[in-house]
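In what follows, a structure is listed as structure tokens, so that the remarks can point back to it.
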Amino acid sequence: MRFIRTKAVVAGLGLALSLAACGDAGDDTEGAEVEVQEDAASEFEDGTRMKELADSGTVKIGVKYDQPGLGFKDAASDIPSGFDVEMAKVLAADLGIAEDEVEWIETISDNREPFLEDGTVDLVLASYSITDERRQVVGQAGPYLVTGQQLLVKEDSDVESTDDLSGQEVCSVTGSTSLENVKAEGMKPVGFDTYSECVEKVLDGTVQAMSTDGTILAGYAAQNEGELKVVGEEFSEENIGVGYSQDYPEMCQWIVDTITEAYDDGTYEEAFNATLGPSGVEVPELPEMDACE
């Protein structure tokens, strides 16, 4: 078993990315060069889910399609882009599966657990915050990124913090931890199916602000430069991990080891720079991974 490197929490990542949002963080850029493992099936024990997937030559991975910088896909693209997607490619490559052999499945916040439970997807990398509640029904390995929740408002807004939005409507996506945090901060949570819907409601003035991880907001601010901005200090800590079915607990250590190796060999850094860091944001250290049971 490979040694798991211990790293500090990525303090202030969301704020740093918001300051960089005037760049092109939402662009559909080329990702990291990921080497596909040859004869990968021979590396796994018989009876494991990894062996089954390697033998099959494909894997179903759920990602977001509407989060620039993390998970984004438009009609002109065959393969999604973003940091979550790059980490998904790393895992697929370790199974001997190239990115064009992956079955990419759009996954929204509200269906991540159901998709894992019913086998619609094998893995979820979709800004998936690790929580005790979610770990009651699915497996979650990681985190591979730590960020914090902030606010996205119109460029001419006077809002500077959550205090300025007390009792006012703030949107996020249904099924996310963000809505719970919005309520806890004294704001009125409003849920939508997708982040892009929420962004539109901020742009047209239906709601005063959107709130979720700073990494996500930075991508939207960059995509809507001159119209939207990220404000406020982080008021939560979100540990982003990989979802898998509880039917296959052996996947946890494989995920942790594979992502750790990607950090050690520089693939993680290359992926971050290509997706979330085009404006010069420093690559974060890999957070301490939770122990697998």
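The values are calculated or read from the model by the stated rules, or taken from the named source; none is laboratory data. Just so it is clear, the model here is predicted, and its values are computed rather than measured. Methodologically, a virtual Cβ is constructed for each residue, glycine included, from the backbone with ideal geometry; neighbour enumeration extends over all protein chains shown.
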Qualifying positions in segment 205-221 - within 17 Å of Leu165 (Cα to Cα) and hydroxyl-bearing (Ser, Thr, Tyr): Thr206, Ser211, Thr212
Residue within segment 236-250 that is at pLDDT 95 or above and either closer than 16 Å to Phe72 by Cβ or of a type in the set (A, V, I, L, M) (or both) present: yes
Within segment 117-140, tally of residues that are touching a strand residue (DSSP E or B) at 6+ places or on another chain (Cβ under 7 Å) and assigned to a loop (DSSP other than H, G, I, E, B): 5
Residue identified as assigned to a helix (DSSP H, G or I), modelled with pLDDT of 95 or more and acidic (Asp, Glu) among Asp46, Asp84: Asp84
Meets criteria (assigned by TED's automatic domain parsing to the domain that holds Gly243, of a type in the set (Asp, Glu), surrounded by 24 or more Cβ atoms within 10 Å (Cβ to Cβ) and out of contact with any Cys (no Cβ under 7 Å at 6 or more places or on another chain)) for Asp132: no
Unmet requirement for Arg112, which otherwise passes all of (1) in contact (Cβ under 8 Å) with a residue 24 or more places away in the chain; (2) not assigned by TED's automatic domain parsing to the domain that holds Asp74: (2)
Filter result for the condition that a residue is part of a strand (DSSP E or B) and either at pLDDT 95 or above or buried (at least 17 other Cβ atoms within 10 Å of the Cβ) (or both), over Val230, Val281: Val230
Residues (within 29 Å of Ser245 (Cα to Cα), in contact (Cβ under 8 Å) with a residue 40 or more places away in the chain and assigned to a strand (DSSP E or B)) located in segment 141-191: Ala141, Gly142, Pro143, Tyr144, Leu145, Val146, Thr147, Gln149, Ser172, Val173
